[in-house]
Structure formats: C-alpha cells, structure tokens
Amino acid sequence: MVLGFHFIFSAYGFWLPNDPRGSWSDTVRSFDLLRFGPAKRPNTAASVAHVPHNHDLRNAAKQELRYPPVQFTGHQARAIARGISTAAATHQYIIYALTIMPDHIHLVMAAHPRPIDQISAHLKAKATTRMSKENIHPMQSYLLKNGRKPSPWARNYWCPFIRNENHLRNAITYVKNNPIKAGLKPQSWKLVQPYLG
C-alpha cells in the first residue's frame, strides 16, 4: 500500500542526465553533454546526492548547457509555493512537507489517485505559470523561436513511493531539515498540512 509520494523536482541545470552519481534519465539529448558520458541510472531509490563523484567533471559538463543553470531567488520560491498551492487546491493534494531550495524542490504528499506523471506535470506547470504571471520567470531572458520561455525545470523528476508510516515521517523530517543542512533558514509554507497519522 502506498501512503504517499516524495517528489524531487530539479531546476534546469541542477542534475544533468549523465551525472556521475546517476540520474532518472535514459538519454543525453545534447551532443555537447554526451562527451561527458551516457545517461546512467542509479541502482537504488534512495538519494544518491552524497555519493562521492568527480565534482570538476560535473561542473565542466554544466558549462556546456545552452542556458545558465537556474537558481531560484526568494521571490521566485514564494511564487513557486503559490503555484503549488493552486495545484493542491484544484485536485485536493495533501502536502505534508515542502522545501524550495535554490536549485531543486522536495515535496512530500499523501497518496493520490492521479498518476504521478500527471501530478508532477501539474505541480511544475502551476509553479511556472505563477512565476510568469509575476514576471519573475528565471528564463524570461531566453526566448525560444516560438516566443515561449524555456522550462526552468529539468525534464524528469524523482519520486520514491512511501509505503509505511515510518518512511513517511522520515521523509517529512528529511524535507524539513534540507535547508538547515545546507546552511539556510528553515522554511514554513501555509499550504503544508501536518501529518496526524
């Protein structure tokens, strides 16, 4: 039985498809990035963020990106939260924890009948729309040929399923502590509901 989902959304340029620690991608779509290696999937659903790797190689690969890696500001983080709140209200998502880091997001929510691909797309779309409405889209200086802005998000996402209460409580704690471990202030968002199970 699935009790919840732990979504991790990467900002553009944060976690490349051929990150030496592995990624959730199957393909490297850029020829310039491909010379740094093929896509590599990790053999675990657990976080591989702290796996030792070649930092210089990873940073060199980021220099080959078409656009600079996205770094969300505080204003953008608040807009993202407002967009996620809109999505949650639309489909009654119950969100237990949310952390918006400069280059990625952690979100823990209760299980929901919608497919996780649709939930992911919905959350990211509402967050992006809100930044655009507030004229703080991080890619607004880089218009595509069709006049649209590039996505501020990586193409895919990571989402371990949460299957028991202990895992759920640990995921909530992990997400709450994420900014503190990075030397940032704790975060508190109105849309987050306490887990009372």
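The values are calculated or read from the model by the stated rules, or taken from the named source; none is laboratory data. Here the structure is a predicted model, which is why all the values come from computation and not from measurement. So basically every Cβ, Gly included, is an ideal-geometry build from the backbone, and we count neighbours across all protein chains shown.
Table for the structure above
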quantity	calculated
Residues of the range 174-192 that turn out to be more than 18 Å from residue 85 (Cα to Cα) and either free of Cβ contacts under 8 Å to residues at least 12 places away in the same chain or of a type in the set (Gly, Ala, Ser) (or both), as a count	7
Selection from the range 152-197 of residues that are under 17 Å from the mean Cα position of the chain (by Cα) and of a type in the set (D, E, K, R)	155, 176
Breaking point among (1) at pLDDT below 95; (2) more than 18 Å from residue 93 (Cα to Cα); (3) not assigned by TED's automatic domain parsing to the domain that holds residue 93, for residue 196	(2)
Residue within the range 129-136 that is free of Cβ contacts under 8 Å to residues at least 40 places away in the same chain and within 19 Å of residue 101 (Cβ to Cβ) present	no
Selection within the range 161-173 - in contact with a helix residue (DSSP H, G or I) (Cβ under 9 Å, 6 or more places away or on another chain) and surrounded by fewer than 17 Cβ atoms within 10 Å (Cβ to Cβ)	161
Considering residues of the range 124-150 that are of a type in the set (Ser, Thr, Tyr) and under 21 Å from residue 74 (Cβ atoms) only, the residue nearest to the chain's Cα centre (by Cα)	128
Complete set of residues in the range 159-188 that are touching a Ser or Thr at 6+ places or on another chain (Cβ under 8 Å) and not aliphatic (A, V, I, L, M)	159, 176, 178, 179, 187
